[in-house]
Amino acid sequence: YQRRVHGEVYPGLEMKVCASTCLLLLALVGVASAKANCGTIDGYLIDLDGTMYTPSGLVPGATEFYSWILKNKIPHVFLSNTGAKGPEGVQAKFMTAPWILTTPEDPVPLTSIRTASSALADYISDNVPAGSFLYIIQSVAKYGTTTDSCVLVLQRHIAHWGQYVWRTDLSNDEVHEWALRATKSPNSTYVISCADGQAVDQQDPVTGKNGYPNGWSFELLSTATILIQNGAQYINHAPDMHNMVLDPSPAKMMTVGPGAFSELLRAAAYPMSANAVTVGKGGNAGTKYMIEAALQLLKSQGGSGRPETTAMVGDTLDTDIRAANAAGTIGVLVLSGIHQSSDEKFFPNDKPTCVVDSVGDLVPEPGQLTSDLQSEAAALLDHLTSLPEKLFRQLESALLKVLPQ
């Protein structure tokens with residue numbers, strides 16, 4: 001196309017770009033820079049621990065961020081590596097002090113929540129034959145009147161759960177029996193770990209006792225190791241190495257996470273543990289069972305569900321950001337939890353797209369452009385600045401005459 005301006009010919013000027021639109025966007029770019037420009041985002045996958053809340057309560061900006069998402073009807077999924085609770089447990093936590101985000105009259109929809117225990121249920125449904133024997137190491141979560149656990153999530157989400165033989169408390173004789181079965185019958189026996197940190201049981205379905213009253217004891221680790229060494233398939237819910245703890249000390253306080261216990265078991269049972277599966281964010285099955293499943297939930301909310309315009313927001317480089325990069329989503333690291341920018345050098349393959357202090361920094365201030373409009377305006381700015389100086393100034397002058405002061 002060619003357009004004559006004041007008698008001069010300027011080749012290549014696109015006819016669709018008029019002076020008023022171009023300069024209006026330029027003016028907006030000049031006065032409105034967002035607190036965080038992470039690219040064009042039309043949907044959010046949001047981690048929980050360290051991102052929306054800590055043991056002491058909601059992180060600064062969490063309420064504002066969630067309110068902004070709801071007000072603008074932005075598709076979103078709370079996507080957590082917790083194994084102790086499913087969507088029902090997360091929903092209850094957000095209505096329990098000190099993590100109150102919603103009310104009982106208007107709770108977070110269950111369709112906007114996915115956890116690693118939900119992913120574990122789907123993985124078992126897809127890959128573990130009915131009639132298999134499952135040794136489960138779990139955790140329990142309690143919020144108000146709601147009690148949730150890994151086993152409860154599996155029971156709710158696996159249609160044929162009653163066809164499995166599952167236990168949490170095995171005698172020495174039963175450990176030997178299960179180990180022999182694993183040796184003789186491949187794909188018959190499984191060790192399933194879904195304890196967020198400390199192992200906490202409710203009761204074994206046969207003995208009625210707490211399967212591990214001392215938590216991660218030598219006995220518990222030995223039972224799991226023996227079964228895996230003899231051919232039991234090991235399935236872990238999450239690779240997180242750390243958990244945050246409530247502590248008044250200014251020092252960085254973290255406890256051992258599920259990934260650390262998983263690594264211990266895998267090392268002790270190697271090489272029989274070489275085919276171990278981890279379904280949570282950052283795990284070898286996490287893209288399918290967490291990220292891709294969450295993208296489908298975004299689509300069910302009317303979103304695009306496209307990885308390239310979806311942000312995975314989280315506080316850990318080796319789970320949240322690793323999962324984002326593996327799935328091709330935008331990776332937003334928040335500094336309200338486990339990892340800081342100074343930790344990036346230790347995770348060279350887990351680089352975030354952008355870094356913000358907290359989820360509150362993802363909320364545009366009044367008068368700011370949203371990230372998608374910022375990207376469009378920036379592209380237009382590049383186009384305009386490539387025009388001849390004389391034409392650029394003529395367009396600028398024309399618009400300034402009609403813009404309000």
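The values are calculated or read from the model by the stated rules, or taken from the named source; none is laboratory data. Everything numeric here is computed off the predicted structure, so don't read it as measured data. Every residue, glycine among them, receives a Cβ derived from its backbone with ideal geometry; neighbour counts consider all protein chains shown. Just so you know, the surface numbers come from the protein's heavy atoms only, side chains and all, with ligands and any DNA or RNA stripped out. Shrake-Rupley method; radii C 1.70, N 1.55, O 1.52, S 1.80 Å.
Mind checking whether some residue in the range 51-61 is under 25 Å from residue 328 (Cβ atoms) and either open to solvent by 10 Å² or more (accessible area, probe 1.4 Å) or part of a strand (DSSP E or B) (or both)? Quick ask: steps written out before the conclusion?
Keep residues of the range 51-61 that are under 25 Å from residue 328 (Cβ atoms), which gives 51-52.
Still in the running and either open to solvent by 10 Å² or more (accessible area, probe 1.4 Å) or part of a strand (DSSP E or B) (or both): none.
Looking through the range 51-61, none of the residues is under 25 Å from residue 328 (Cβ atoms) and either open to solvent by 10 Å² or more (accessible area, probe 1.4 Å) or part of a strand (DSSP E or B) (or both).
Going through the range 81-129 one residue at a time, which ones are polar (S, T, N, Q), out of contact with any Gly (no Cβ under 6 Å at 6 or more places or on another chain) and part of a loop (DSSP other than H, G, I, E, B)?
82, 102
Working carefully through the options 92, 116, find the one that is buried (at least 19 other Cβ atoms within 10 Å of the Cβ) and under 15 Å from residue 294 (Cα atoms).
That would be 116, the only listed residue that is buried (at least 19 other Cβ atoms within 10 Å of the Cβ) and under 15 Å from residue 294 (Cα atoms).
Which one of the conditions (1) of a type in the set (S, T, N, Q); (2) open to solvent by less than 70 Å² (accessible area, probe 1.4 Å); (3) at pLDDT 95 or above does residue 249 fail to meet, given that it meets all the rest?
(3)
Quick one: is residue 105 more than 17 Å from residue 221 (Cα to Cα), surrounded by fewer than 18 Cβ atoms within 10 Å (Cβ to Cβ) and over 22 Å from the mean Cα position of the chain (by Cα)?
It is true that residue 105 is more than 17 Å from residue 221 (Cα to Cα), surrounded by fewer than 18 Cβ atoms within 10 Å (Cβ to Cβ) and over 22 Å from the mean Cα position of the chain (by Cα).
Applying the selection to the range 153-171, what residues are in contact (Cβ under 8 Å) with a residue 60 or more places away in the chain and open to solvent by 50 Å² or more (accessible area, probe 1.4 Å)?
Once the filter is applied, which keeps residues that are in contact (Cβ under 8 Å) with a residue 60 or more places away in the chain and open to solvent by 50 Å² or more (accessible area, probe 1.4 Å), the range 153-171 yields 156, 157.
Find the strands (runs of 3 or more DSSP E) located wholly in the range 295-362 whose residues include 2 or more that are in contact (Cβ under 8 Å) with a residue 12 or more places away in the chain, under 23 Å from residue 112 (Cβ atoms) and under 12 Å from the mean Cα position of the chain (by Cα), and list them.
Of the strands (runs of 3 or more DSSP E) lying wholly inside the range 295-362, those with at least 2 residues that are in contact (Cβ under 8 Å) with a residue 12 or more places away in the chain, under 23 Å from residue 112 (Cβ atoms) and under 12 Å from the mean Cα position of the chain (by Cα) span 310-314, 330-334.
Test residue 71 against the stated conditions and say whether it is surrounded by 15 or more Cβ atoms within 10 Å (Cβ to Cβ), among the basic types (Lys, Arg) and more than 18 Å from the chain's Cα centre (by Cα).
Here the answer is no, as residue 71 does not meet what is asked.
For the range 88-137, how many residues are within 20 Å of residue 286 (Cα to Cα) and acidic (Asp, Glu)?
Residues in the range 88-137 being within 20 Å of residue 286 (Cα to Cα) and acidic (Asp, Glu): 2 in total.
Of the numbered conditions (1) surrounded by 13 or more Cβ atoms within 10 Å (Cβ to Cβ); (2) over 24 Å from residue 131 (Cβ atoms), residue 274 fails exactly one; give the number of that condition.
Evaluating residue 274 over (1) surrounded by 13 or more Cβ atoms within 10 Å (Cβ to Cβ); (2) over 24 Å from residue 131 (Cβ atoms) leaves (1) as the failure.
Among the residues of the range 128-144, what is the count of those that are on the phi < 0 side of the Ramachandran plot, over 23 Å from the mean Cα position of the chain (by Cα) and in contact (Cβ under 8 Å) with a residue 40 or more places away in the chain?
Of the residues in that region, 7 qualify.
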